[in-house]
Amino acid sequence: MPRKIIIDTDPGQDDAVAILLALASPEVEVLGVVAVAGNVPLDLTSKNARIVCELAGRPDIKVFEGCDRPMRHTLVTAEHVHGKTGLDGPAMPDPTMPLQDGHGVDFIIETLRAEAPGTVTLCPLGPLTNIATAFEKAPDIADRVQEIVLMGGAYFQVGNITPAAEFNIYVDPEAADIVFKSGCPVTVMPLDVTHKALTTAPRVEAFRALGTEAGRMVAEWTDFFERFDKEKYGSAGAPLHDPCVIAYLIQPDLFSGRHVNVEIETLSSLTRGMTVADWWRVTDRAPNAMFMGDLDAEGFFALLTERIGEL
Ligand code: RIB
Ligand code: CA
């Protein structure tokens, strides 16, 4: 029985690879894709989400626009990483599939109310604005969520947009605070684990060697967005953040972590968006998140390459 998921996303090249992985994997059933403002503004993230669905041969996927700005702060974007379009790298045709009518937040609410309790997993790959707004608008739905598996946060790897914070959490810390206090089962793919999923040259060449349009796109997206991280970290490749969320749903034993308390800094301007993970359990704060710390990188890329090759 495939696992029902809603992908909430701000494509972004790594989001795009995550969406391709989900659409190539029979273990998951994508009920819908909701775009959020993040890496680039909402009009581009919703366009990019449709481009990726069409690249996967899935113009039937329901794509919605969600929130166009964070709950409290002005939008911070990341064109410096993802380029002006958010999907810089290969030339991409404009999408022909339509956006769905209605707001993405209402789609999340209606879907959770319509599906059996505990059968829908939320997969946020960008700022948590849509998820938190849905919980605020319809408090009854939190109990109906099977699991929230999100990319965001950092502890040992510290921040990538400020010295203290990872981008997705930094953009909308109030939203993250709501999600981490929701009582839902939360599984976190922080920079601590995504920084171990590096797109080294052999791994990128394996995508290109697939000889398919999807394989070529993934390689060219990576060629573009890895320049930022390689220069910043001096690493052998860029971290492929968002596909870790989908890979976890397909092959959870690729990952390991700890169930700990995680709280979000929302008040300090210096450390806004920091995910304060009580990794060493030095407080009596109740654990509320499975915070991943390690992955089998070879296994991750083997799965990813094999599945992208299916498209
Ligand atoms: O910090 C990495 C995260 O921010 C990823 O989800 C990337 O797509 C950006 O949204
Ligand atoms: Ca993202």
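The values are calculated or read from the model by the stated rules, or taken from the named source; none is laboratory data. The model shown is predicted, which means the values in this text are computed figures rather than measured ones. All Cβ positions, glycine included, derive from the backbone under ideal geometry; neighbour counts span all protein chains shown.
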message: Restricting to region 111-129, give me the number of residues that are free of Cβ contacts under 8 Å to residues at least 24 places away in the same chain and not in a helix (DSSP H, G or I).
response: 1
statement: Scanning region 59-95 residue by residue, the ones that are within 16 Å of ligand 2 (Cβ to nearest atom) and either in contact with an Asp or Glu (Cβ under 6 Å, 6 or more places away or on another chain) or among the hydroxyl-bearing types (Ser, Thr, Tyr) (or both) total 4
statement: Turns out the strands (runs of 3 or more DSSP E) fully within region 1-87 with at least 3 residues that are among the β-branched types (Val, Ile, Thr) are 3-9, 28-35
- request: Looking at (1) hydroxyl-bearing (Ser, Thr, Tyr); (2) surrounded by 15 or more Cβ atoms within 10 Å (Cβ to Cβ); (3) more than 22 Å from residue 22 (Cα to Cα), find the lone condition where residue 111 falls short.
  value: (3)
From the options 154, 165, 142, 132, residue that is assigned to a helix (DSSP H, G or I) and surrounded by 24 or more Cβ atoms within 10 Å (Cβ to Cβ): 132
Residues of region 112-126 satisfying the condition of being of a type outside the set (A, V, I, L, M, F, W, C), on the phi < 0 side of the Ramachandran plot and in contact with a strand residue (DSSP E or B) (Cβ under 9 Å, 6 or more places away or on another chain): 115, 117, 119, 121, 124, 126
message: Return the pair list, or none, for Cβ contacts closer than 6 Å from residues in region 217-229 that are touching a residue at least 24 places away in the same chain (Cβ under 8 Å) to residues that are among the acidic types (Asp, Glu), at least 6 apart or on different chains.
response: 224/88
- request: Tell me, yes or no, whether region 185-206 has at least one residue that is buried (at least 22 other Cβ atoms within 10 Å of the Cβ) and among the basic types (Lys, Arg).
  value: yes
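Which of the following residues is within 16 Å of ligand 1 (Cβ to nearest atom), under 17 Å from residue 39 (Cβ atoms) and over 16 Å from the mean Cα position of the chain (by Cα): 228, 156?
228
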message: When you check residue 78 against the structure, is it surrounded by 15 or more Cβ atoms within 10 Å (Cβ to Cβ), closer than 25 Å to residue 214 by Cβ and at pLDDT below 95, yes or no?
response: yes
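Let's see how each residue does on (1) more than 14 Å from ligand 1 (Cβ to nearest atom); (2) in contact with a strand residue (DSSP E or B) (Cβ under 8 Å, 6 or more places away or on another chain):
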| residue | (1), (2) |
| --- | --- |
| 15 | no, yes |
| 19 | no, yes |
| 40 | no, no |
| 50 | yes, yes |
| 57 | yes, no |
| 67 | yes, no |
| 72 | yes, no |
- prompt: Going by the structure shown, is residue 43 surrounded by 24 or more Cβ atoms within 10 Å (Cβ to Cβ), at pLDDT 95 or above and of a type in the set (D, E, K, R)?
  reply: no
message: I'm trying to understand the selection: among the residues of region 1-28, which are of a type in the set (A, V, I, L, M) and within 16 Å of ligand 2 (Cβ to nearest atom)?
response: 5, 6, 7, 16, 17, 18, 19, 20, 21, 22
- line: Reported set for region 1-13 where residues are in contact (Cβ under 8 Å) with a residue 24 or more places away in the chain and away from ligand 1 (no atom under 14 Å from the Cβ) is 2, 3, 4, 5, 6
message: Is it the case, given these coordinates, that residue 63 is crowded, with 23+ Cβ neighbours inside 10 Å and either more than 16 Å from residue 124 (Cα to Cα) or modelled with pLDDT under 95 (or both)?
response: no
- prompt: Here are some residues: 63, 28. Which one is in contact with a helix residue (DSSP H, G or I) (Cβ under 7 Å, 6 or more places away or on another chain), closer than 20 Å to residue 99 by Cβ, more than 12 Å from ligand 1 (Cβ to nearest atom) and of a type outside the set (D, E, K, R)?
  reply: 63
- prompt: For region 267-298, which residues satisfy the criterion of being of a type in the set (Val, Ile, Thr) and closer than 23 Å to residue 195 by Cβ?
  reply: 271, 275, 276
